[in-house]
Amino acid sequence: MSVFAKIISREIPGDIVYETDEVIAFRDTNPKAPTHILVVPKKPIARINDASAEDARLIGTVLLTAAEIARKLGIDRSGYRLVINNGRDGGESVPHLHVHLLGGRALSWPPG
Ligand code: AMP
């Protein structure tokens, strides 16, 4: 069971900022920006590479949820970045699909 599944099931605590039946969002414990939220589908899809067509609506919901949280936290006008890390070279460390919502400072491009 991944660490995010444990947060979903309340086995371990998370700093939860948003939750529905399908999606949960909580603050990253090792933030890379002043605002760093992880937006996570509750369905245990390991990574975007393992998602299928039947997950299309759910993944759309995750992205729109990230935008809604950005608005609620007041970083929609200054801007933000959504990131999905996939696999070893992508820097994935938790095998449960999640979108990073990063903002609150100017982010450089390209990422390292
Ligand atoms: P990734 O490297 O894309 O798989 O992102 C995983 C993220 O999860 C990292 O930014 C970690 O800091 C974060 N993380 C790991 N454990 C926890 C936790 N218990 N609560 C919140 N964030 C976590």
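Bear in mind these aren't lab numbers, they're just calculated from the coordinates by the rules spelled out. Note that this is a predicted model, so its numbers are computed, not measured. Backbone-built Cβ (ideal geometry, glycine too); neighbour counts: all protein chains shown.
Which lysines have a Cα less than 24 Å from the Cα of Lys32, not counting those fewer than 8 places away in the same chain?
Lys6, Lys42, Lys72
Give me the extension gain from Asp76 to Asp15: residue separation times 0.36 nm, minus the current Cα-Cα distance, reported in nm with one decimal. Spell out each step's value before the answer.
Details: separation 61, 0.36 × 61 = 21.96 nm, distance 2.08 nm.
Full extension from Asp76 to Asp15 adds 19.9 nm.
Could you order peptides 47-56, 90-99, 74-83 by the average number of other Cβ atoms within 10 Å of their residues, highest first? Provide the component values of the computation, followed by the final result.
Values: 47-56: 12.2, 90-99: 17.7, 74-83: 14.3.
Going by the mean number of other Cβ atoms within 10 Å, highest first, we get 90-99, 74-83, 47-56.
Subtracting the Cα-Cα distance from 0.36 nm times the residue separation, let me have the gained length for Glu22 to Ser2 in nm, one decimal.
Working: separation 20, 0.36 × 20 = 7.20 nm, distance 1.69 nm.
So the chain would gain 5.5 nm between Glu22 and Ser2.
Using 7 Å Cα-to-Cβ label points, what is the Glu68/Ala51 separation (nm, one decimal)?
The modelled label-to-label distance comes out at 1.6 nm.
Below 8 Å between Cα atoms, with a sequence gap of 6+, how large is the relative contact order for the chain in percent?
Values: 154 pairs, mean separation 34.5, N = 112.
Relative contact order of the chain: 31 percent.
Can you pull the Kirkwood radius for the chain, inverse mean 1/r over Cα pairs, to one decimal in Å? It would help to have the intermediate numbers written out before the result.
Working: mean 1/r = 0.0698 Å⁻¹.
By the Kirkwood definition, the hydrodynamic radius is 14.3 Å.
Using Cα atoms only, what is the angle between the long axis of helix 56-72 and the major principal axis of the chain, expressed in degrees (0 to 90) to the nearest 10?
It works out to around 40 degrees.
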